[in-house]
Amino acid sequence: MKKLYLIIFVLFFSSLNFSQWGYPKQNNGMLTGGLGLNWIDGELFYSLNFNPEISFANFGVGLDLKLDIDSKGNLRKENFNEFSDYLSIIRYLRYGLKNDPVFIKLGALDYYTLGHGSIMYLYNNSPTYDVRKIGLVFDVDFGQFGFESIYSKFGEAGVAGLRGYVRPLKFSSAGDIPILGSLEVGVTYAGDFHENAGIISGTYDNVQRKINVTKDEGAISIFGVDLGLPIIQGSMVNLTLYLDYANISGFGGGTATGAIFNFNPLGLVSGSVKLERRFNGDNYIPSYFNSFYELERFKLDTATGTFVSKAQLLAGNTNVGNGFYGELGVNVLGLFNILGSYQRLDKHPTSGILHLGTEIAPEGFPLLARTGYDKINIVDEKDLFKLDDRSYLFFELGYKPYPFMIVSMLYNWTFSPIRDKDDEVIDFKPQKRIEPRVYFVYPFSF
């Protein structure tokens, strides 16, 4: 009961603290840029930002140029030390929007979910600004069938996923049957092909500066099947029940069952509630590819020669126990979106996963506040908001002296990469950024 109260508390709190940042409206754009100071782990940099976005017809483009210059006039090394850093100036290219009949996005992939999320949930291919990747999302819904797909990063092996689904009764007149006519059946495959994805054991050679692997499972592959049944479909209320099964090849499997409730009464307040019960078998971790996966995959301590990998945790995890997952999202008058989610497993003391945030910036109001927070491996309530290597925090508080100008203070608890002699990323460490800045926002239409 205590765990259920905690889930309810977090969902209520998160309803005050998260938003999904959207795109400009069709045939609209926004020019954003500014100057500021940026303290990165105590070192001062002068910061320049330019972030224009344009939407025309079903297409959209967003750029993201950020320069950090030290007191000697030198550009910070991590800004542009990989080819992908230059490509990532293009924040995204897109066609359509998520849940449209066709949605294509090339660029940074923020919080992507396959199906109901039992295999991939809120996956982020660029968890740190210093290691930005270019990935691809391609979703198509033909009505009777469709697919969702993701490729995490071009130029190197990484995470890929595909979910195909069919609404079998839509191929006949039975598709007009209430409730049963919308039955959806899905099949999912997702895998990680990175060279460190399946490392279980080994030692680090400080002289050769390489890992001597003694046990490697290779690519991590996960297969799943799912059923979804919308039992209420209306203009103001929708309710869908679902059942998922997933199996991690060479390890174990688990099942999840839940309900998704969407509401939109009179267009004033809309929202979504998701509640799920998870039944986990031995050597299985639900939602394996999550928002922290790129950080969890492999973490090496070069000083001690030890490492922790997610595959290692999977192999040593006999049974994490069953658990609950909850999610709450609300949109009020179109002024802001709010969303939060939380997981807690019955037997695993460090199973808590929290995701929340908000943006409050109503048009015509001089103040704005934006915040986002993610944390994994939460032990208890006291551990929820402790910043460490399991946390990501973004917070900005600003004032608009003019409609086109924002003066703000940004605090970012994120991560910086640790590289080996070949400039390959072998680990991440927490990084603190404090950035007072002035930037300008110019919306336009055409």
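The values are calculated or read from the model by the stated rules, or taken from the named source; none is laboratory data. What you see is a predicted model, and the numbers here were worked out from it, not measured in a lab. Counting neighbours? That spans all protein chains shown, and the Cβs are built from the backbone with ideal geometry, glycine included.
Restricting T302, T358 to those that are hydroxyl-bearing (S, T, Y), touching a strand residue (DSSP E or B) at 6+ places or on another chain (Cβ under 8 Å) and modelled with pLDDT under 80 reduces the list to T302. Contact annotation: residue pairs with Cβ atoms under 7 Å, 6 or more positions apart or on different chains, pairing a residue in segment 164-189 that is on the phi < 0 side of the Ramachandran plot and in contact (Cβ under 8 Å) with a residue 12 or more places away in the chain with a partner that is in a loop (DSSP other than H, G, I, E, B) and among the basic types (K, R), are S182/R167; L183/R167; E184/R167.
Does V207 satisfy the condition of being β-branched (V, I, T), at pLDDT 90 or above and either surrounded by fewer than 16 Cβ atoms within 10 Å (Cβ to Cβ) or in a strand (DSSP E or B) (or both)?
No, not satisfied.
Just one residue in the set S270, S291 is in contact with a strand residue (DSSP E or B) (Cβ under 9 Å, 6 or more places away or on another chain), surrounded by fewer than 21 Cβ atoms within 10 Å (Cβ to Cβ) and not basic (K, R); that residue is S270.
Residue count for segment 154-204 under the criterion of being of a type in the set (A, V, I, L, M), modelled with pLDDT under 95 and surrounded by fewer than 19 Cβ atoms within 10 Å (Cβ to Cβ): the result is 8.
Yes or no, residue by residue, for (1) closer than 30 Å to N262 by Cβ; (2) in contact with a Gly (Cβ under 7 Å, 6 or more places away or on another chain); (3) among the charged types (D, E, K, R); (4) buried (at least 18 other Cβ atoms within 10 Å of the Cβ):
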residue	(1), (2), (3), (4)
R390	no, no, yes, yes
F415	no, no, no, yes
E424	no, no, yes, no
Q431	no, no, no, no
V438	no, yes, no, no
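Residue count for segment 144-153, restricted to those that are surrounded by fewer than 18 Cβ atoms within 10 Å (Cβ to Cβ) and over 14 Å from I104 (Cα atoms): 2. Residue-level analysis places M409 among those that are in contact with a Leu (Cβ under 7 Å, 6 or more places away or on another chain), free of Cβ contacts under 8 Å to residues at least 40 places away in the same chain and surrounded by fewer than 18 Cβ atoms within 10 Å (Cβ to Cβ). Of all residues in segment 211-253, those satisfying the criterion of being within 18 Å of I426 (Cβ to Cβ), touching a residue at least 12 places away in the same chain (Cβ under 8 Å) and either not in a strand (DSSP E or B) or not acidic (D, E) (or both) are I211, V213, T214. The residue that is surrounded by the most Cβ atoms within 10 Å (Cβ to Cβ), counting only those in segment 310-328 that are in contact (Cβ under 8 Å) with a residue 24 or more places away in the chain and part of a helix (DSSP H, G or I), is A311.
On the basis of being over 23 Å from V273 (Cα atoms), among the hydrophobic types (A, V, I, L, M, F, W, C) and within 16 Å of the chain's Cα centre (by Cα), does L393 make the cut? Here the answer is yes, as L393 does meet what is asked. Of note, N283 satisfies the criterion of being part of a loop (DSSP other than H, G, I, E, B), under 24 Å from T203 (Cα atoms) and without any contact (Cβ under 8 Å) to a residue 60 or more places away in the chain.
Here is a check on your reading of the model: is V159 among the hydrophobic types (A, V, I, L, M, F, W, C), touching a residue at least 60 places away in the same chain (Cβ under 8 Å) and more than 25 Å from I248 (Cβ to Cβ)? So V159 fails the test. Within segment 368-379, the set of residues being farther than 19 Å from E296 by Cβ and either of a type in the set (S, T, Y) or exposed (fewer than 13 other Cβ atoms within 10 Å of the Cβ) (or both) comprises just one member, T371. Could you run through segment 83-126 and say how many residues are closer than 28 Å to L227 by Cβ, small (G, A, S) and surrounded by fewer than 19 Cβ atoms within 10 Å (Cβ to Cβ)? Qualifying residue count, segment 83-126: 1.
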